[in-house]
Amino acid sequence: MNKLTKKELALALSFPFLLAACSGDAKKESKEDDAFKGAISKPLVTDIYTADPSAHVFNGKIYIYPSHDIESGVPEDDNGAHFDMKDYHVLSMDSVGGPVTDHGVALSIKDIPWAGRQLWAPDAAYKDGTYYLYFPVKDKQDVFRIGVATSKSPTGPFIPEKEPIKNSFSIDPAVFTDSDGSSYMYFGGIWGGQLQRWKDGKYDANGSKTDLENDSLPSLNAKIAKLGPDMKQFAEAPKDVMVVDKDGKPFLTGDHDRRFFEAAWVHKYNGKYYFSYSTGDTHYLAYGIGDSPYGPFTYQGAFLKPVVGWTTHHSIVEHNGKWLLFYHDTEVSGGKTHLRNVKVTELKHDAEGKIEMIDPYGKK
Ligand code: FUB
């Protein structure tokens, strides 16, 4: 599916919802029930909007670190200004299908001294009695940086460091801790996530904008950096995360179905590293498999078909012997792209270790 087709589809889906919402009876008069018909799972919480779920199991319990979507009234633009989030809540549950607890505000933008606007997709990690919350936010110069905040509890409140992580940039931090205790941060996102502005390691507000439209250039890659022992700094300069085809060739910018866009995540299964990500404008979750946390990762395919809404973002975690995919769509808001809700479903690896395709609306 090319990018315009899905974008047009998203507009076509959301426009009747807006019309119906103006009429005062959105539920009955819109097509929203049709759009979500066959949904394989229900929103985990419905009283707040949540997105970009990073899930972890700490002490046997599932904790979810999502974005907290709000309607702030900022108009939509190509850089995602309407994703204008101002705080984070942590969710928890003992098991899938059981009650979900919203632990309230865990970190607020007003308490981050260097932050300007837009708290986007976070992640969390644990080491030696401390929980770490990693978050992207634009600084006061409107440049995305990644910050870290700490707490003695997985649900916060989290106290932010006074400065962003040195040499961090762009969005969507995801921290993977390997079996030997080493932790790595994956990050980056193109378009509104500003990765294209850091082409030569320096920020350029106009940088590489046109490169994203040049289909024959190499695609931009997610970044990886090992974290230092204090989990608050990079121990090395960020490197590219290469996703390659079966012949070892990296993807080109024009390969919208396969190239990295945003929402990196890594899980380890049977000794192999699985790097998964969103293809953005083609709305797939896709993945590659590698032998090292640094990659290269050989592209395997998509594993989640497009959800209703523009963005798709996820995490993969094992709990009680089952692998779980946390993801989001826009069921609660009836299709509004910036008002999302997190969901969970089981994810299966087949006998060869491939992830089985999931259709979010494939329930018979
Ligand atoms: O939630 C804001 C942004 O939308 C995230 O950072 C991206 O991954 C996309 O889901």
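Annotations
- Of all residues assigned to the stretch 124-141, at least one qualifies as being of a type in the set (S, T, N, Q) and surrounded by fewer than 16 Cβ atoms within 10 Å (Cβ to Cβ).
- The stretch 119-129 - residue that is in a loop (DSSP other than H, G, I, E, B) and within 15 Å of the ligand (Cβ to nearest atom) and, of those, nearest to Ser183 (Cα to Cα): Pro122
- In the stretch 51-105, the residues that are in a strand (DSSP E or B), of a type in the set (A, V, I, L, M) and within 11 Å of the ligand (Cβ to nearest atom): Ala51
- Residue count, the stretch 295-344 (criterion: assigned to a strand (DSSP E or B) and among the acidic types (Asp, Glu)): 2
- When we screen Leu304, Leu252, Leu285, Leu324 for residues that are aliphatic (A, V, I, L, M) and closer than 20 Å to Ser179 by Cβ, the only hit is Leu324.
- Checklist (1) surrounded by 15 or more Cβ atoms within 10 Å (Cβ to Cβ); (2) outside any loop (DSSP other than H, G, I, E, B); (3) more than 14 Å from the ligand (Cβ to nearest atom) applied to Asp34, failing item: (1)
- Sole residue being surrounded by fewer than 22 Cβ atoms within 10 Å (Cβ to Cβ), out of contact with any helix residue (DSSP H, G or I) (no Cβ under 7 Å at 6 or more places or on another chain) and either modelled with pLDDT under 95 or not aromatic (Phe, Trp, Tyr) (or both), chosen from Ala302, Ala286, Ala264: Ala302
- Pick from the stretch 107-118, criterion within 16 Å of the ligand (Cβ to nearest atom) and part of a strand (DSSP E or B), ranking: surrounded by the most Cβ atoms within 10 Å (Cβ to Cβ): Leu107
- Restricting the stretch 309-325 to residues that are surrounded by fewer than 24 Cβ atoms within 10 Å (Cβ to Cβ) and of a type in the set (A, V, I, L, M, F, W, C) leaves a set whose member that is farthest from the ligand (Cβ to nearest atom) is Trp323.
- Residue check, His267 touching a residue at least 60 places away in the same chain (Cβ under 8 Å), over 21 Å from Ala121 (Cα atoms), more than 15 Å from the ligand (Cβ to nearest atom) and not hydroxyl-bearing (Ser, Thr, Tyr): no
- With respect to the conditions (1) surrounded by 19 or more Cβ atoms within 10 Å (Cβ to Cβ); (2) closer than 29 Å to Met93 by Cα, Asp230 falls short on a single one, namely (1).
The values are calculated or read from the model by the stated rules, or taken from the named source; none is laboratory data. These numbers were taken from a predicted model, which means no experiment stands behind them. In this analysis, Cβ positions are derived from the backbone assuming ideal geometry, glycine residues included, and neighbour counts consider all displayed protein chains.
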